[in-house]
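Chemist: To start, I am sharing the structure in question, which I have written as structure tokens.
Just so it is clear, none of the values below were taken in a lab; they were calculated from the coordinates. What you see is a predicted model, and the numbers here were worked out from it, not measured in a lab.
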Amino acid sequence: MAQEVAAAETVIFVDASLDQAPGQISLHELSPASLKPGLVTHHLGAAELLGVAHDLYQAQPRIACLMTIGAGRIELGEGFSDAVQKALPEAQRLLGESVQRLLNCQT
């Protein structure tokens, strides 16, 4: 995935978060981060993936954003919690607006 990220002009990562209240949505710009010692690449966060892309390919997206939705819990199962399910329409709207704004900036 680092190669695709390095080749992209813009990326938006979407992920679950245990650091936010269940259903809480956050969207912010992201900068590359260095790998922490002992971190295996399977468990990279978005910022570390940007750093790996830069380190391996000497390239990175012009704009990188991270949208997170508070998960509350992540145990095995099917479906989302009620809080996450209720947040999905707002997350979809925010993501759509962000993509449109980024596309308008590129033209």
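Chemist: Using modelled backbone amide H atoms (1.01 Å from N, in-plane), which distant-in-sequence or interchain residues come within less than 5 Å of I12's amide H?
Modeler: C65
Chemist: Further question: Could you go through the range 57-72 in sequence order and give the Karplus-derived ³J(HN,Hα) for each residue, using 6.51 cos²θ - 1.76 cosθ + 1.60 with θ = phi - 60°, rounded to whole Hz, and x for Gly and Pro?
Modeler: 10, 6, 8, 7, x, 5, 10, 9, 10, 10, 9, 10, 10, x, 8, x
Chemist: Would you work out if the chain is rounded, prolate or oblate? Take a ≥ b ≥ c from the square roots of the eigenvalues of the alpha-carbon gyration tensor; rounded if a/c is under 1.5, else prolate when a/b is larger than b/c, oblate otherwise.
Modeler: Values: a/c = 2.61, a/b = 1.26, b/c = 2.06.
Judged from the Cα gyration tensor, the chain comes out oblate (a/c at least 1.5, b/c at or above a/b).
Chemist: Let me ask you something else. Compute the angle between helix 82-106 and the longest alpha-carbon principal axis of the chain, please, reported from 0 to 90 degrees and rounded to the nearest 10.
Modeler: 30
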